[in-house]
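As C-alpha cells, the structure follows; a few thoughts come after it.
Since every read-out is calculated from the coordinates, none of them should be taken as a lab result. Only a predicted model underlies this, so the values are computations on that prediction, with no experimental measurement involved. Cβ sites come from the backbone with ideal geometry, for glycine too, and all protein chains shown count toward neighbours.
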Amino acid sequence: MPRVRNLLSTSINAYDPNDKTGTQGTGPRHSVLPGDTLNYSIGYENVPTATAPAQVVVITDTLDANTLDVSTLRLGGFTISDTLVPVGNALVPFTKDIDLRSTRGVILRADAALNDNVLVVTLSSLDPTTMQPTTDALAGFLPPNANGFEGQGYVFFSIKPKAGLPLGTLINNTATIVFDDNAPIKTPTWTNVLGLQVFMPMVRR
C-alpha cells in the first residue's frame, strides 16, 4: 500500500542540507595520536522553505576498514530539535523509541545497524496507535527549521583507529543523508592525520 506522502510528493517535500564534523585534534590537519578515540557528528536539517516535516531520515556512514577499528564503534546519542537523547556509548545494533507525541504527534524510532563496516542509522516516524510508519503526510519528527533549531538534528558516534597504522596515515570519513524519498546527499569529508603532538619549548626571557 503506497504511503500518502508519496502521492503528494509533487507539492509536499522535506529537504536536507548536511554536515559532518570530527575530532579537532591538533593543528590544521587535525592530528591525532595512535589510540585516540575519534568522535564524529553528522548533522541534518529540514530547511525553513520545506513544505512538510521529515518522516524518515537515513544516515549511512561507510567506515574505512583499513584505518578504523570497527569493533570499537559506539553510538553516542542523538539530538532532535533542542532535545538531547543520550544513549551511553551504546553498542550497535541499537534501537530506541522516543516519545514525541506531545510535540510532533509521532513516536520516533531510532535504529542503528552495522553491516560489515557500514553504519546505518534510520530515524522513522511511527503512528502512536499502530506503531507502524505514519501515513499522515503532514506528520513527522522533524519540522521545517523555522526558528533556527526545531528542524535540526544530529547523530553522534565514536570509533578508534586501527592499531599499528604508520604515522602520517589519513583517516577520512564521509556520510550520506537521505530525507524520505529524496536522493542521497554526501556530507563533507572529515580528515584526521595520525601523528605525534609537538610541544614547543618555552623560552624564558
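A few remarks follow.
- Gaussian network model of the chain, springs between alpha carbon atoms under 10 Å - residue of 130, 23, 79 with greatest fluctuation: 130
- Rounded FRET efficiency, nearest 0.05, which uses the C-beta distance separating residue 101 from residue 49 and R0 of 25 Å: 0.40
- Both numbers refer to the Cα atoms of the range 4-163; Rg and Dmax are 17.0, 52 Å.
- Within the chain, longest stretch clear of exposed chymotrypsin sites (Phe, Trp or Tyr not before Pro) (DSSP loop, no more than 16 other Cβ within 10 Å): 1-148
- Computed FRET value (nearest 0.05) for residue 118 with residue 24, which takes r as the C-beta separation and R₀ as 22 Å: 0.30
- Look at 123, 138, 196 and count the other Cβ atoms within 10 Å of each Cβ; fewest to most, that gives 196, 138, 123.
- Per-residue ellipticity at 222 nm computed for the chain from its helices equals -500 deg cm²/dmol, with DSSP H segments shorter than 4 residues left out and the rest contributing -39,500 (n - 2.57).
- Overall form of the range 85-166 per C-alpha gyration tensor (a/c, 1.5; a/b vs b/c): prolate
- Comparing 35, 144, 58 along the charge dipole axis of the range 4-163, the residue lying farthest to the positive side is 35, per the Cβ-charge model.
- Trypsin sites (Lys or Arg not before Pro) restricted to the range 51-116 and DSSP loop, no more than 11 other C-beta within 10 Å: 101
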